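What follows is a set of notes on a single structure, which appears directly below.
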Amino acid sequence: MAIRFDHKPGLVVYLTAGDPGLHPSEDKSFAGGPDLSATREVALEAIDAGADVIELGVPFSDPLADGPVIQRASERAVAKGTRLKDVLALAAEIRAARPQAGLVIFSYLNPILRYWLPRFADEAAAAGVDGVLVTDLIVEEAGEYLIEMARVGLAPIFLAAPTSPDDRLEAIATNSKGFIYAISRVGVTGTQQSLTSDAAALVARIRRWTGLPVAVGFGISNSEHVAQVGRFADAAVIGSAIVELIERSTPETAPGTVARFIKGLHLSAAADGAGPAQESPLVAVHFA
Amino acid sequence: MASVILPAVPSESRPGRFGVYGGRYVPETLMAALVELEHEYEAAKNDAAFQAELAGLLKDYAGRPTPLYLAKRLTEQLGGAKIYLKREDLLHTGAHKINNALGQGLLARRMGKKRVIAETGAGQHGVATATVCALLGMECVVYMGDVDMARQELNVLRMRLLGAEVRGVSAGSKTLKDAISEAMRDWVTNVRTTYYLLGSALGAHPYPTMVRDFQRVIGIEMKEQILEKEGRLPTAVIACVGGGSNAIGAFYEFIPDSQVRLIGVEAGGRGTALGDHAARFSGGAPGVLQGTYSYVLQDENGQIALTHSVSAGLDYASVGPEHAALHDSGRAEYVSQDDAATLDAVVRLARTEGILPALESAHAVAEALKLAPTLPAHDILVVNLSGRGDKDMGILARELKIQGA
């Protein structure tokens, strides 16, 4: 149970926990309380298909850093009554079933504050979570959070943005553990046609400050993107593309659909013949 | 109560903190822009030419100073404290929002930004922003919840006539909170070219401080005017509190004058259940929403609650962080007035003084109507009449069953 990327590029999969999708089966309709079984099955299949790390997204009523796909998923999961407590229970189940996978809680700050930060830290550690990423918590505001993460041995993962100047990147890199999440472009989460040159330049700048793995996310949606990321980073994060697949599936078909999607990514990445990222981490690759 | 995220260094030494409240809780992508804004604002604040241009526009374009008017008939009818009205409703565009929009508009131009975005609830900030963008020749996009667009249609039309693009927001409660989220998504996407002209004393540092500074003129004038008219300070200053920009502007100069009561009036809506009001101090708990740590209406799982008010401008789940600090220190008092009392206050002020207040401002009037009769005649209440009510005629006609043509 650690965050490790054994192959290049590694794969981080984001899932909005408790999202039943648009077409829940009859016995798992929008009625009733939270139901995270569909998210669990997708996570397990994703791990078996090659995901190194699963980010379990805690649904929030006001996801201002997210684009339409994750907004819709969050809205569905919140409507089902999905709580942080349920997401932690789901993490424990995934940990028990797949001891080797990396497991990260991905949340906005308010649900964690309301739960009470020390309680969250204790219970996340007890559930077997490896790391935590809080979207709207920047490193300067993270004093008590960093203390709590250190106390229970969880990795605090911070976002790094193309707009972050070097002094901020240094603070982000030196306060992060597990990996650094490099945002591929300005903007909210969501798919896009092509990657910009922002991502490679950002990863190169981050590596000046840390030897931690760097994962690139936002807008990564196909095998070509993953292969491109593999040329300069350690892992790719896929969120909206998979959340959208889940949206269009039923809870029964979603795990298989997501697994096929992930297998497709890795096959392409291997066929691409990209070497290990470490060989040329400072070369910025320009994408058309 | 919920844990407070302690800053890495003591809060007093950190910019943008009001006690434990405030701070910066934003996606990393926005941080560079917030730091740049903070520096540019500090530079502008100390730039005599910038201040002179702003003062000139506030005087000749917006119509400052606004009068402090003794509501004589209302005072006589109520038979208690004297009631003065600070007439921000007489400003160009019809509300105090123009004070801040002019200040930030000049700042945006100084920073070389050609595109301005804003959120709006009641539409007054949207209209003020659209106005300033027209004046300064900048592109303007305003985000507004679908519910608010329907209930403040006149302001939608005004913004469009002024050349702004109004984008409806259909997420969540379709009101101010959702408009802010959508404006923040736009900003995070276009951060390199776009200035976010936030309309209230909310959001991440430096906005709460900067917006308060641009609204301070209200309290500065109020104090001069009441001293000139009465030779003494008022018993209380009363203002409505949505995000809280008119209230903090009215209160700020009086904070050191501990004998002056500062009374903020929240929207009591249609009841006390979560979702039926926007009374953050009685129904909320500390939390983080849209960049700042303050009181937030939320459920036990930290999901932000829906709100209700007859007034679109007070219908927000959080409140400016400086108000949270003033609340906890006891320096200011926060009360609420419900929809019914607010509608009564509109009619009372209209028919007694010939002044039609905005529904937002009428919450403050309602508090004065309640308080004045309980106080002796030598006491003085100053009500910040933050906006005029023309925009609300649709709602008023429906709620008060006023016949049209």
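The values are calculated or read from the model by the stated rules, or taken from the named source; none is laboratory data. Please read all numbers here as calculations on a predicted model, not as lab measurements. All Cβ positions, even for glycine, are placed from backbone atoms using ideal geometry, and neighbour counts span all protein chains on display. The protein model used for the area step is the full one, side chains on, heavy atoms only, and it has no ligands, DNA or RNA in it. Shrake-Rupley method; radii C 1.70, N 1.55, O 1.52, S 1.80 Å.
The set of residues in the stretch B:170-200 that are facing another protein chain (nearest Cβ under 10 Å) and part of a helix (DSSP H, G or I) comprises B:Lys177, B:Asp178, B:Ile180, B:Ser181, B:Glu182, B:Ala183, B:Met184, B:Arg185, B:Asp186, B:Trp187, B:Val188, B:Thr189.
Take the conditions (1) over 30 Å from B:Leu369 (Cα atoms); (2) within 20 Å of the chain's Cα centre (by Cα); (3) away from chain A (no Cβ under 14 Å); (4) open to solvent by 20 Å² or more (accessible area, probe 1.4 Å); B:Glu165 misses just one of them, which is (2). Which of the residues that make up the stretch B:19-55 are charged (D, E, K, R), closer than 30 Å to B:Asp328 by Cβ and more than 13 Å from chain A (Cβ to nearest Cβ)? Selection gives B:Glu42, B:Lys45. For first residues located in the stretch B:52-77 and among the small types (Gly, Ala, Ser), partners that are open to solvent by 60 Å² or more (accessible area, probe 1.4 Å) and not in a loop (DSSP other than H, G, I, E, B) and lie 6+ apart or on another chain with Cβ distances below 6 Å form the pairs B:Ala62/B:His92; B:Gly63/B:His92.
Residue-level check: of (1) β-branched (Val, Ile, Thr); (2) part of a loop (DSSP other than H, G, I, E, B); (3) over 24 Å from A:Glu45 (Cβ atoms), A:Thr191 misses just (3).
Taking the stated definitions as given, is A:Val129 among the β-branched types (Val, Ile, Thr) and outside any loop (DSSP other than H, G, I, E, B)?
So A:Val129 does not fit the description; no.
Right, A:Arg95: more than 21 Å from A:Leu137 (Cβ to Cβ) and not aliphatic (A, V, I, L, M) or not? Spelling it out, A:Arg95 is indeed more than 21 Å from A:Leu137 (Cβ to Cβ) and not aliphatic (A, V, I, L, M). Considering the stretch B:185-206, and only residues there that are within 17 Å of B:Val288 (Cβ to Cβ) and touching a Lys or Arg at 6+ places or on another chain (Cβ under 6 Å), the residue that is surrounded by the most Cβ atoms within 10 Å (Cβ to Cβ) turns out to be B:Ala201. In the stretch B:115-157, the residue that is most open to solvent (accessible area, probe 1.4 Å) out of those that are acidic (Asp, Glu) and in contact (Cβ under 8 Å) with a residue 60 or more places away in the chain is B:Glu153. Of all residues in the stretch B:90-138, which are touching a Leu at 6+ places or on another chain (Cβ under 8 Å), in a strand (DSSP E or B), over 23 Å from B:Ala52 (Cα atoms) and not small (Gly, Ala, Ser)? Matches in the stretch B:90-138: B:Ile117, B:Glu119, B:Thr120. Checking each residue in the stretch A:138-153 for being more than 10 Å from chain B (Cβ to nearest Cβ) and either free of Cβ contacts under 8 Å to residues at least 24 places away in the same chain or hydrophobic (A, V, I, L, M, F, W, C) (or both) picks out A:Met149, A:Ala150, A:Val152.
Scanning the stretch B:64-81 for residues that are closer than 13 Å to B:His92 by Cα and loosely packed, with under 15 Cβ neighbours inside 10 Å yields nothing. Just to check your reading of the model, which residue among A:Leu56, A:Leu22 is at negative phi, at pLDDT 95 or above and either in contact with a Leu (Cβ under 8 Å, 6 or more places away or on another chain) or surrounded by fewer than 23 Cβ atoms within 10 Å (Cβ to Cβ) (or both)? Testing whether each residue is at negative phi, at pLDDT 95 or above and either in contact with a Leu (Cβ under 8 Å, 6 or more places away or on another chain) or surrounded by fewer than 23 Cβ atoms within 10 Å (Cβ to Cβ) (or both) leaves just A:Leu56. The number of residues in the stretch A:102-119 that are open to solvent by less than 50 Å² (accessible area, probe 1.4 Å) and over 23 Å from A:Ile70 (Cα atoms) comes to 2. Give all pairs with beta carbons closer than 6 Å in which a residue from the stretch B:223-244 that is on the phi > 0 side of the Ramachandran plot meets a residue that is crowded, with 24+ Cβ neighbours inside 10 Å; count only pairs at least 6 apart in sequence or on separate chains. Correct list of pairs: B:Gly244/B:Ala201; B:Gly244/B:Val319; B:Gly244/B:Gly320; B:Gly244/B:His323. In the stretch A:154-175, of all residues being away from chain B (no Cβ under 12 Å) and not polar (S, T, N, Q), the one that is most open to solvent (accessible area, probe 1.4 Å) corresponds to A:Glu170. Restricting the search to the stretch B:342-388, which residues are crowded, with 23+ Cβ neighbours inside 10 Å, out of contact with any Ser or Thr (no Cβ under 6 Å at 6 or more places or on another chain) and assigned to a loop (DSSP other than H, G, I, E, B)? Listed by number, the list holds a single entry, B:Ala358.
Residues that are without any contact (Cβ under 8 Å) to a residue 60 or more places away in the chain, within 14 Å of another protein chain (Cβ to nearest Cβ) and open to solvent by 10 Å² or more (accessible area, probe 1.4 Å) number at least 1 in the following strands (runs of 3 or more DSSP E) confined to the stretch B:274-341: B:291-296.
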